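> The structure under discussion is supplied below as structure tokens; questions concerning it will follow.
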Amino acid sequence: MALLGPAGPGAMQLGYTIVYVPDVAASLHFYAAAFGLPQKFLDPTGTYGECATGATTLGFAAHALGDLNVPGGVVKASETVQPLGMEIALVTDDVPQAHARALEHGAGEIAAPARKPWGQLVSYVRAPDGTLIELCTPMAG
């Protein structure tokens, strides 16, 4: 079996990350205010929206859509004590400033900025909708 590269038949690329949240408009507002990611789209029903994030779309869908799309529903990050075992990583040259701004706009602090053994400066916050967010400098090399 041959492995397919990015240009091969049936090749895939990451197109969307969609987070199920209790209030799509509130999540869009938080990401715009805390991280400067403006709203790109909000459907008229308010059950789905997207931030302008570049090539890969960061979307938010209402919990009700998660319950419709996934048999048995989804685990609601907003209702868990611990963050889910997944994160959204946002890359920035100024992690301390991004971390402080996120806290000012309602994020909860998980871990203050710290240098990792591979050289990256990284912090973790939790969005009001329960999403775990890593704030990090670009990877070297």
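The values are calculated or read from the model by the stated rules, or taken from the named source; none is laboratory data. Keep in mind that this is a model prediction, so the values were computed, not measured. Cβ: placed from backbone, ideal geometry, glycine included. Neighbour counts: every protein chain shown. Calculation scope for accessible area: heavy atoms of the full protein, side chains included, ligands and nucleic acids excluded. Shrake-Rupley method; radii C 1.70, N 1.55, O 1.52, S 1.80 Å.
> Whether any residue in region 56-63 is over 13 Å from THR17 (Cβ atoms) and either outside any strand (DSSP E or B) or aromatic (Phe, Trp, Tyr) (or both) is what I want to check.
Checked region 56-63: at least one residue is over 13 Å from THR17 (Cβ atoms) and either outside any strand (DSSP E or B) or aromatic (Phe, Trp, Tyr) (or both).
> Let me ask something else about it. Condition first: touching a helix residue (DSSP H, G or I) at 6+ places or on another chain (Cβ under 8 Å) and closer than 16 Å to GLU87 by Cβ. Now tell me which residues in region 4-50 satisfy that.
Answer for region 4-50, where residues must be touching a helix residue (DSSP H, G or I) at 6+ places or on another chain (Cβ under 8 Å) and closer than 16 Å to GLU87 by Cβ: VAL19, TYR20, VAL21, ALA34, PHE35, LEU37.
> Also, I was wondering about something else. So in region 84-99, with the set limited to residues that are of a type in the set (Gly, Ala, Ser) and surrounded by fewer than 18 Cβ atoms within 10 Å (Cβ to Cβ), which one is farthest from ALA34 (Cα to Cα)?
GLY85
> Now, a different point. Pull up region 43-66, narrow it to residues that are hydrophobic (A, V, I, L, M, F, W, C) and open to solvent by 20 Å² or more (accessible area, probe 1.4 Å), then point me to the one that is farthest from GLY130 (Cα to Cα).
ALA55
> In region 117-130, what residues are assigned to a loop (DSSP other than H, G, I, E, B) and more than 15 Å from THR92 (Cα to Cα)?
Listed by number, the residues that qualify are PRO117, TRP118, ALA127, PRO128, ASP129, GLY130.
> Condition first: over 17 Å from the mean Cα position of the chain (by Cα), modelled with pLDDT of 95 or more and either open to solvent by less than 30 Å² (accessible area, probe 1.4 Å) or aliphatic (A, V, I, L, M) (or both). Now tell me which residues in region 101-141 satisfy that.
ALA112, ALA114, GLN120, LEU121
> Does at least one position in region 7-14 carry a residue that is touching a strand residue (DSSP E or B) at 6+ places or on another chain (Cβ under 6 Å) and either within 26 Å of ALA140 (Cα to Cα) or in contact (Cβ under 8 Å) with a residue 12 or more places away in the chain (or both)?
No, every residue in region 7-14 fails to be touching a strand residue (DSSP E or B) at 6+ places or on another chain (Cβ under 6 Å) and either within 26 Å of ALA140 (Cα to Cα) or in contact (Cβ under 8 Å) with a residue 12 or more places away in the chain (or both).
> Any idea which of TYR31, TYR16, TYR20 is among the aromatic types (Phe, Trp, Tyr), surrounded by fewer than 16 Cβ atoms within 10 Å (Cβ to Cβ) and either closer than 26 Å to VAL95 by Cα or in contact with a Lys or Arg (Cβ under 6 Å, 6 or more places away or on another chain) (or both)?
After ruling out the rest, the residue left standing is TYR16.
> A further question on this structure: Which is assigned to a strand (DSSP E or B), within 17 Å of THR53 (Cα to Cα) and free of Cβ contacts under 8 Å to residues at least 60 places away in the same chain, of ALA89, ALA112?
Selected residue: ALA89, the only one of ALA89, ALA112 that is assigned to a strand (DSSP E or B), within 17 Å of THR53 (Cα to Cα) and free of Cβ contacts under 8 Å to residues at least 60 places away in the same chain.
> Please go through region 67-83 and give me each residue that is part of a loop (DSSP other than H, G, I, E, B) and either of a type in the set (S, T, N, Q) or surrounded by 11 or more Cβ atoms within 10 Å (Cβ to Cβ) (or both), ordered by number.
VAL70, GLY73, VAL74, VAL75, LYS76, THR80, GLN82, PRO83
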